[in-house]
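Remarks on the structure that follows.
The values are calculated or read from the model by the stated rules, or taken from the named source; none is laboratory data. Just so it is clear, the structure is predicted and the values come from calculations on it, not from any experiment. Here Cβ is always computed from backbone atoms with ideal geometry, including for glycine, and neighbour counts include all displayed protein chains. Just so you know, the surface numbers come from the protein's heavy atoms only, side chains and all, with ligands and any DNA or RNA stripped out. Shrake-Rupley method; radii C 1.70, N 1.55, O 1.52, S 1.80 Å.
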Amino acid sequence: MTAILQFGTSRFLLAHADLFVSQALETGQAIGRITVVQTTDSPESASRIAALTTLDGYPVQVRGLRAGVPVREDLDGRAIERGLSASRDWAVILDIAAKADVILSNTGDRGYDLSDEDTAERMAQPDRVPRSFPAKLAALLLGRWRRNPHAPLSIFPCELVQRNGDRLRALVLGLAAEWSFPPDFIAYLKEKCHFANSLVDRIVSEPLHPIGAVAEPYALWAIQRQEGLVLPCVHPSIVLTDALEAFEDLKLFFLNLGHTVLADAWLTGGRPKSETVREIMEDADIRARLEAIWRSEVLPVFAAAGMAAEAERYIEEVRDRFMNPFLDHRLSDIAGNHAEKKRRRLQPVRYRGRALPHPLAQPLLSAILESDDHD
């Protein structure tokens with residue numbers, strides 16, 4: 001029986017949470033296998049669902065550096081037992097949702113957008129498939145509650161949204177109120193449905209066909225501790241924490257900030273259109289500027305918060321990730337929406353630096369923030 005119901009067919013999940021569950025199943029440390037649901041009409045998603053249905057597992061090629069040493073591992077993901085389509089298999093999905101212990105999701109950048117088509121009248125028709133993911137989840141949880149009003153459920157959004165569990169929970173509760181769902185169901189949502197805030201991190205650089213992925217060695221799934229939460233598995237890359245914000249800050253102000261600093265150099269420097277992160281890191285001047293920002297303009301902010309050791313370790317890991325000889329991470333992909341990324345990734349750490357008892361000089365970050373945008 002399916003223990004985990006997953007929304008989204010992304011290659012990221014194939015090489016992240018799904019692979020963790022597969023590896024944990026081998027040692028008896030996973031709660032069960034996964035059914036994957038295609039939520040959109042994307043031909044690529046449909047192709048992945050077809051492959052998951054017909055093939056026995058899929059490959060994950062792990063390529064990169066670990067402590068400066070090249071890593072090449074060929075792994076097999078075997079946790080997925082079948083793939084379904086929301087538009088075609090809704091009745092089956094409703095049945096699975098009523099019995100599963102865990103729901104996972106990774107529905108893309110706009111996965112939490114609501115749809116005007118998801119009206120109370122539409123939701124009153126049990127055979128009609130809601131359009132948006134939050135509406136689909138609300139309908140599935142209502143069906144589960146009707147069958148067993150006391151069965152708890154753990155929900156793990158993996159979208160890159162800050163406090164993603166709180167955000168998704170608020171959306172589902174808002175829809176339930178808007179559609180006048182029963183008060184007892186709304187109480188069930190609040191008391192028995194555990195929406196986890198989490199941070200996922202792994203660069204999954206390319207798909208394999210018909211199914212599979214190429215991924216870096218580094219992987220993290222940091223999950224905020226919560227009473228009643230049931231994890232899909234136990235795995236070395238899964239960290240249960242009371243301080244999720246610390247993991248978020250490390251990723252934002254070293255990895256994400258680093259990407260934006262490199263993208264700024266690429267945008268302003270007349271560099272090759274196809275240049276990758278690894279290639280621009282081989283430019284001694286650009287790499288020295290990035291290292292100076294990390295060491296002199298960001299690290300002191302973490303040191304002031306008592307996180308110097310954690311930040312030092314994370315810089316070493318990020319450097320390995322940026323220098324990955326197997327990863328073609330193009331700067332053109334990173335440079336999109338550059339002005340907004342500068343605001344989100346650079347501005348907050350500059351504010352923190354200025355707020356220290358001895359305000360931190362951050363001339364390199366300031367120069368990037370105050371330069372003209374190149375979107």
Convex hull projection area averaged over all views, segment 157-219, Cα basis, nm²: 6.3
Helical contribution to [θ] at 222 nm, DSSP H n ≥ 4, -39,500 (n - 2.57), averaged over the chain, rounded to 500: -12000 deg cm²/dmol
For segment 1-101, alpha-carbon Rg over 2.2 N^0.38 Å: 1.15
Translational diffusion coefficient (Stokes-Einstein; Kirkwood radius from C-alpha pairs) of segment 178-253 at 20 °C, 1.002 mPa s, in µm²/s: 140
Value of Rg to Rh for segment 281-333 (Rh from inverse mean 1/r over Cα pairs, i.e. Kirkwood): 1.03
Cα centre as origin, Lys/Arg/Asp/Glu Cβ charges: segment 192-342 dipole, Debye: 220
Segment 49-146: equivalent-ellipsoid semi-axes (sqrt of 5 x gyration tensor eigenvalues, Cα, Å): 35, 17, 12
Theoretical FRET efficiency, 1/(1+(r/R0)^6), r = Cβ-Cβ of Thr241 and Ser180, R0 45 Å, to 0.05: 0.75
Test item: Cα-centred dipole of the chain, Lys/Arg +1 and Asp/Glu -1 on Cβ, debye: 480
Share of carbon and sulfur in the accessible heavy-atom surface of segment 1-155 [1.4 Å probe, %]: 48
Equivalent ellipsoid, segment 111-267 (semi-axes from 5 times Cα gyration tensor eigenvalues, Å): 33, 20, 16
All-pairs alpha carbon distance profile, segment 95-141, 5 Å steps from 0, percent: 4, 19, 29, 22, 18, 7, 0
Mean Cα-pair separation over length for segment 2-138, i.e. relative contact order, pairs under 8 Å, 6 or more apart, %: 29
Fraction in percent of alpha-carbon pairs per bin - 20 Å, the chain: 27, 54, 19, 0
Per residue, in Å², the accessible surface of the chain once ligands and nucleic acids are set aside, probe 1.4 Å: 45
Environment charge at Pro359 (Cβ cut-off 14 Å; Lys +1, Arg +1, Asp -1, Glu -1): +2
Global geometry of segment 196-238, whether rounded, prolate or oblate, following the gyration tensor of its Cα atoms and the 1.5 cut on a/c: prolate
Alpha carbon centroid spacing (whole Å) that separates segment 129-155 from segment 221-283: 31
Proximal charge balance of Val204 [Cβ under 9 Å; K/R count +1, D/E count -1]: 0
Residues of segment 176-214 with amide N under 18 Å of a point placed 7 Å along Cα→Cβ from Glu279: 205-206
Ranked by how many other beta carbons lie within 10 Å on average, peptides 344-352, 358-366 from highest: 344-352, 358-366
Total formal charge among the other residues, if their Cβ is under 15 angstrom from that of Ser22, Lys/Arg +1 and Asp/Glu -1: -2
Where N is the number of residues in segment 210-295, Cα Rg divided by 2.2 N^0.38 Å: 1.47
Computed Kirkwood radius, in angstrom, where 1/r is averaged over Cα pairs of segment 246-375: 14.8
Cα gyration tensor, segment 108-189 - rounded (a/c under 1.5), prolate or oblate: oblate
